[in-house]
2 protein chains.
Amino acid sequence: MRKQTKISNAVIKRLPRYRRYLNELRKKGVDKISSNEFSHLTGYTASQIRQDLNNFGGFGQQGYGYSVEGLYNEISAILGLDKEYKLVVVGAGRLGQAIVNYTYYYKSGFVVKGIFEIDKNIIGKNINGVEVMDYDNIVEYVENEKIDIGVICTTRDAAQEVADKLSFAGVRGLWNFAPVDIETPAHVAVENVHISESLHSLVYHMNKNDEGTEKKSRKK
Amino acid sequence: MRKQTKISNAVIKRLPRYRRYLNELRKKGVDKISSNEFSHLTGYTASQIRQDLNNFGGFGQQGYGYSVEGLYNEISAILGLDKEYKLVVVGAGRLGQAIVNYTYYYKSGFVVKGIFEIDKNIIGKNINGVEVMDYDNIVEYVENEKIDIGVICTTRDAAQEVADKLSFAGVRGLWNFAPVDIETPAHVAVENVHISESLHSLVYHMNKNDEGTEKKSRKK
């Protein structure tokens, strides 16, 4: 694995976005892109982009720009997206099913191996071809199957306990969708996702728009 | 509606998070909180929090701190979360079903009125009690039902066209889950959500952890 220095979290948050745009360019058959063009596309300044990529050794060539395929592969490797990861989802309720669906939809590199649930009525069923298993057996399963990532789709109240159990069982990362920020031991990475926050930002901007502009002609 | 000056996007992104923590405090029966305590809880500095809230006129009292219920209500009103919003979801595939499930799960203030689809085999069915309708009729429906927000759960290729149609029909905001950034007229707000980006950040941090720490005792 490449040698890496300590990179700020803000940079790490931008890399998946860079990668996404590069992927789109790849699919369109674009070979290279200048930092100015890439700036225009991503909405970040060219100097921001150069600075971010210099953290990892640059990749750009003066007067040429960036190789789309090259930079895509480099960022993928930096993020660790050149490998496959095994996931378990905890909670087979609406939220858990939604996330299994979502992960299935964007399946590249991430495989949901099992869903765990305490509700005996749901255990044994399957969701998108993934078996719903008894939460009582999760530690053994995670150990045996060498699961990398636990996805927490439980209620707020259960989330921390599930996180503790998964950390004990040996996952390396937790992707938490319960509406509470969970804490993990230092060796277990965690991302707390709050989709509703983007909806709340949206509503704010909608209402700002309505204040600032003439009402549209739609009859209300 | 309260008078508001121009607030930076970064502040607006933090408000839903402040609100979420305040909601947790409310539910625990906490009446007031100092800016230091609130800083500890949210992970933002006390000075950052004070600065953010000063954009809207403060709310804190010297030597008392913030009223939890009061600040929660103020932030809700600033964001526009003291009202109800009507949504339509476009795309009844895995992703659309996932988002309907998700919105249903976090239903406060947001009502999914209809799901629109081009696949004739799915039209007429229902998902979580919401009818799947023919995408051909979406403009009329959005106009008649005075839909506020369109949720885009289509493929990447269809997303911009759907956004254009919904904007024409009169939605005030678009919540986009298709894996592409869509553009809207100035009077239509948009939030492009890329859940996979948080998964990619997670993987980066997992791999960093593995470099920095001794391997755990788990047999691999």
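Quick notes
- If the condition is being part of a helix (DSSP H, G or I), touching a residue at least 40 places away in the same chain (Cβ under 8 Å) and of a type in the set (A, V, I, L, M, F, W, C), then the range B:127-147 contributes B:I138, B:V142.
- For the range A:184-203, the tally of residues that are facing another protein chain (nearest Cβ under 7 Å) and over 16 Å from the mean Cα position of the chain (by Cα) stands at 6.
- Extreme residue, modelled with the lowest pLDDT, among residues of the range B:180-193 that are in contact with a strand residue (DSSP E or B) (Cβ under 9 Å, 6 or more places away or on another chain) and not hydrophobic (A, V, I, L, M, F, W, C): B:D181
- Top-ranked residue in the range B:119-139 [being among the β-branched types (V, I, T) and out of contact with any Phe, Trp or Tyr (no Cβ under 6 Å at 6 or more places or on another chain); ranked as farthest from B:I99 (Cα to Cα)]: B:V139
- Residues located in the range A:90-126, provided they are of a type in the set (D, E, K, R) and either within 20 Å of A:V162 (Cα to Cα) or modelled with pLDDT of 90 or more (or both): A:R94, A:K113, A:E117, A:D119, A:K120, A:K125
- The one condition in (1) part of a loop (DSSP other than H, G, I, E, B); (2) more than 12 Å from every other protein chain (Cβ to nearest Cβ); (3) buried (at least 22 other Cβ atoms within 10 Å of the Cβ) that B:N121 fails to fulfil: (3)
- Hits in the range B:15-38 - residues which are touching a residue at least 24 places away in the same chain (Cβ under 8 Å), assigned to a helix (DSSP H, G or I), surrounded by fewer than 20 Cβ atoms within 10 Å (Cβ to Cβ) and out of contact with any His (no Cβ under 8 Å at 6 or more places or on another chain): B:N23, B:R26, B:S35, B:E37
- For first residues located in the range B:73-93 and away from chain A (no Cβ under 11 Å) and surrounded by 23 or more Cβ atoms within 10 Å (Cβ to Cβ), partners that are assigned to a strand (DSSP E or B) and among the basic types (K, R) and lie 6+ apart or on another chain with Cβ distances below 7 Å form the pairs B:V88/B:K113.
- Residues located in the range A:39-56, provided they are polar (S, T, N, Q), assigned to a loop (DSSP other than H, G, I, E, B) and modelled with pLDDT under 85: A:N55
- On the stretch given as the range A:148-170, residues that are within 11 Å of chain B (Cβ to nearest Cβ), within 19 Å of the chain's Cα centre (by Cα) and in a loop (DSSP other than H, G, I, E, B) total 2.
- For the range A:205-217, the criterion of being farther than 30 Å from B:S76 by Cβ, crowded, with 16+ Cβ neighbours inside 10 Å and not acidic (D, E) is met by no residue.
- Residue in the range A:103-126 that is outside the structural domain of A:K27 (by TED's automatic domain parsing) and touching a residue at least 40 places away in the same chain (Cβ under 8 Å) present: yes
- Which numbered condition B:V190 misses (of (1) out of contact with any Ser or Thr (no Cβ under 7 Å at 6 or more places or on another chain); (2) crowded, with 17+ Cβ neighbours inside 10 Å; (3) in the same structural domain as B:G93 (by TED's automatic domain parsing)): (1)
- Subset of the range B:171-183 that is under 16 Å from A:L199 (Cα atoms) and outside any strand (DSSP E or B) - its residue that is nearest to the other protein chains (Cβ to nearest Cβ): B:R172
The values are calculated or read from the model by the stated rules, or taken from the named source; none is laboratory data. All values derive from a computational prediction rather than experimental measurement. For neighbour counting, all protein chains shown are included, and Cβ atoms are generated from backbone atoms with ideal geometry for every residue, glycine included.
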